[in-house]
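> So that we are looking at the same thing, I have put the structure below in structure tokens.
Quick note: the coordinates plus some simple rules give every number you see, no bench work behind them. Quick caveat, the model's predicted, so the values are computed rather than measured. A quick note on method: Cβ atoms are made from the backbone with ideal geometry, for glycine too, and the neighbour counts reach across all protein chains shown.
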Amino acid sequence: MTRQDKALEIARILDEYFPEVPIPLQHKDPYTLLVAVVLSAQCTDKRVNEITPHLFAQADNPHDMCQLPVETIERVIKPCGLAPRKAKAIKELSCILVREYGGAVPASFEALEALPGVGHKTASVVMCQAFNVPAFPVDTHIHRLAWRWGLSEGKNVRQTEADLKKLFPKKMWNKLHLQFIYFGRTYCPARGHDPYQCPICSKFARPEVFAQALSHKQKK
């Protein structure tokens, strides 16, 4: 089986297990999604969804957020971690959106990635989930799954993203990246994973994945 054939079979399995994939971060528009994604760095989606209602109750648009003191933003988002850096980024990007884009979130990778606190992965999430532009946001979890399943030899998320984009049709990217995330959380976690019981690993995992699982089991 070629890697291309494997990829399409994995896509079929993902579609079987997760035919519907709601966007994990609660939001009402591109701006609230952008802020939520910035907050999600090194923080769970669950925690972000607990915090954003409190933040958006004070400011749910760039005009109002730009007026909030950084200290106020930091105090609200503290449970998300990295609060000083994230608060500063949210304040600054909000002011830039007001000043340069009339308060709108630009539907451009280049413009988004130029905003404070917004990297390529964050921009990709906003582009695909807010504007339905094909993108394949790859975080450390998707990076891990792509390696486990033999879909990429990438040493970093950017290389893995490039590999996945070559394997899957562009029309599938936006849904697939969410299917990867949901599947990983449910059946293919980072720790305590049994590849023999995983619907995908049991068929397609690299030999090293089984060896690691066996070694971990023997150490217990």
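> Dipole of the range 30-130, Cα-centred, from +1 at each Lys and Arg C-beta and -1 at each Asp and Glu C-beta, to the nearest 20 debye?
My answer is approximately 300 debye.
> Hey, another quick one. With Kirkwood's inverse mean 1/r over C-alpha pairs for Rh, give me the Rg to Rh ratio of the chain, two decimals please.
1.02
> Another one. Rounded, prolate or oblate, given the Cα gyration tensor of the range 59-183, with a/c below 1.5 counting as rounded?
Verdict is prolate for the range 59-183.
> Once phi is turned into ³J(HN,Hα) by the Karplus curve 6.51 cos²θ - 1.76 cosθ + 1.60 with θ = phi - 60°, what whole-Hz value does each residue of the range 170-179 show in order, with x for glycine and proline?
Those phi angles translate into 4, 5, 9, 4, 4, 7, 4, 5, 6, 4 Hz.
> Additional query: Magnitude of the Cβ-charge dipole of the range 88-186, K/R +1 and D/E -1, about the Cα centre, nearest 20 debye?
It works out to roughly 300 debye.
> Considering only Cα-Cα distances, which of the following residue pairs are longer than 28 Å: Lys6/Lys86; Lys46/Lys91; Lys88/Lys155?
Distance filter (> 28 Å) returns Lys6/Lys86; Lys88/Lys155.
> Positive end of the dipole of the range 30-130, charges at C-beta (+1 Lys, Arg; -1 Asp, Glu), about the Cα centre: which of Val126, Gln42, Val105 has its Cα farthest in that direction?
Positive-end residue among those listed: Gln42.
> Sticking with this one: When the Kirkwood radius is taken over all Cα pairs of the range 30-130, what Stokes-Einstein diffusion coefficient follows at 10 °C and 1.306 mPa s, in µm²/s?
Estimated diffusion coefficient is 121 µm²/s.
> Rounded, prolate or oblate: which fits the range 79-132 when a ≥ b ≥ c are the square roots of the eigenvalues of the alpha-carbon gyration tensor, with rounded for a/c under 1.5 and prolate only if a/b beats b/c?
oblate
> Taking the Cα centre of each part, how many Å lie between the range 67-91 and the range 35-56?
Cα centroid of the range 67-91 versus Cα centroid of the range 35-56: 11 Å apart.
> Helix-only mean residue ellipticity at 222 nm, the chain, DSSP H runs n ≥ 4 weighted -39,500 (n - 2.57), per residue, nearest 500. What is it?
Roughly -19000 deg cm²/dmol at 222 nm, from the helical runs in the chain.
> Then there is this: Roughly how many nanometres apart are two label points built 7 Å out from the Cα toward the Cβ at Val70 and Glu110?
My value for the distance between the label points is 2.9 nm.
> Taking the Cα centre of the range 70-199 as the origin and placing charges on Cβ (Lys, Arg +1; Asp, Glu -1), which of Gly154, Pro116, Ser94 is farthest toward the positive end of the dipole?
Highest projection toward the positive end goes to Gly154.
> With θ set to phi - 60° and the Karplus curve 6.51 cos²θ - 1.76 cosθ + 1.60, what are the ³J(HN,Hα) couplings of the range 13-18 in order, to the nearest whole Hz, using x for Gly and Pro?
The phi angles translate into 5, 4, 5, 5, 7, 9 Hz.
> So, with +1 on the Cβ of K and R and -1 on the Cβ of D and E, and no other charges, what is the size of the charge dipole of the chain about its Cα centre, to the nearest 20 debye?
With Lys and Arg at +1 and Asp and Glu at -1, about 840 debye.
> Roughly how tilted is helix 83-101, in degrees to the nearest 10 and between 0 and 90, from the longest Cα axis of the chain?
70
> Hey, another quick one. Express the C-alpha Rg of the range 113-220 as a ratio against the empirical globular expectation 2.2 N^0.38 Å, rounded to two decimals.
Dividing the Cα Rg of the range 113-220 by 2.2 N^0.38 Å gives 1.16.
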